[in-house]
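Read the figures in this text as sums done on the coordinates, not as results from a lab. No experiment lies behind these values; they were computed from the predicted model shown. All Cβ positions, even for glycine, are placed from backbone atoms using ideal geometry, and neighbour counts span all protein chains on display.
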Amino acid sequence: MTSVRASRGFTLIELLTALLILSLLALMSYRGLGAVLDARAHVGREAETWRRVAAFYARFEQDVKLAAPRPARSASGTAPAWVGRLGTAPGPRLEFSRFAFAEGADRARRVAYGLNERQEIELWLWPGVDMPADAVPARYAVLSGVAKFDLEYLDADLAWIGAWPARPRDVAIPRAVRLYVVLTSGEELVRIFALTL
């Protein structure tokens, strides 16, 4: 009787148990793979967000380091070399004159930064430093997903102020600018940029 039983193979219960174990292993593997793919997609989105933030800060830093103490002439008069508006004022938050990035590749021009209604920080570029009556700036979104965009300026007394120029005795450009950005995802970013006087 023993020799007959050894040649029969697996019983139905043993096969069902093996199938159940294999099914559980397959389900755990599928869930693990799904978690890995979700984590990879999340890391990719975060990396893209921080790449865009780094590119914005690099552009902003390059612009403010080239700030020129030259007022801008327009049809309505002369605008100061550096204009920092409070958040409630219409138009861009910051507007200034800057030198060219590189000889032959760019030219001196008027630059502005502001937060639009689509929660994007916009870069405004005029064709030159002076602004004729018909001059319209080109506007580019340089950072999206921004809930708050604030600027402060370091004056000659080493005090941070919210608007520039605040007093008639203020020089053409501040000593430094503090940039405060809050992303829609909740991250708060603060950077300070020293300016060349």
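Structure values in brief
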item: Evaluation of Gly91 against (1) in contact with a Ser or Thr (Cβ under 7 Å, 6 or more places away or on another chain); (2) closer than 23 Å to Trp160 by Cα (one fails), failing number; result: (1)
item: Residues of the stretch 50-84 that turn out to be in contact with a Ser or Thr (Cβ under 8 Å, 6 or more places away or on another chain), of a type in the set (Lys, Arg) and closer than 15 Å to Phe193 by Cα, as a count; result: 1
item: Scope the stretch 8-36; condition among the polar types (S, T, N, Q) and exposed (fewer than 10 other Cβ atoms within 10 Å of the Cβ); matching residues; result: Thr11
item: Thr78 closer than 19 Å to Tyr113 by Cα and exposed (fewer than 11 other Cβ atoms within 10 Å of the Cβ); result: no
item: Output for the stretch 91-127, where each listed residue is surrounded by 15 or more Cβ atoms within 10 Å (Cβ to Cβ) and not hydrophobic (A, V, I, L, M, F, W, C); result: Pro92, Arg93, Glu95, Ser97, Arg98, Arg109, Arg110, Tyr113, Gly114, Gln119, Glu120, Glu122
item: Residue match in the stretch 74-86 (condition: assigned to a strand (DSSP E or B), more than 21 Å from the chain's Cα centre (by Cα) and hydroxyl-bearing (Ser, Thr, Tyr)); result: yes
item: Filter result (crowded, with 17+ Cβ neighbours inside 10 Å and in contact with a Lys or Arg (Cβ under 8 Å, 6 or more places away or on another chain)) within the stretch 143-160; result: Leu143, Phe149, Leu151, Glu152, Tyr153, Leu154, Asp155
item: Test result for Leu189, in contact (Cβ under 8 Å) with a residue 40 or more places away in the chain, among the hydrophobic types (A, V, I, L, M, F, W, C) and touching a Phe, Trp or Tyr at 6+ places or on another chain (Cβ under 8 Å); result: yes
item: The stretch 162-186 - residue that is surrounded by 13 or more Cβ atoms within 10 Å (Cβ to Cβ) and without any contact (Cβ under 8 Å) to a residue 24 or more places away in the chain and, of those, farthest from Arg45 (Cα to Cα); result: Asp170
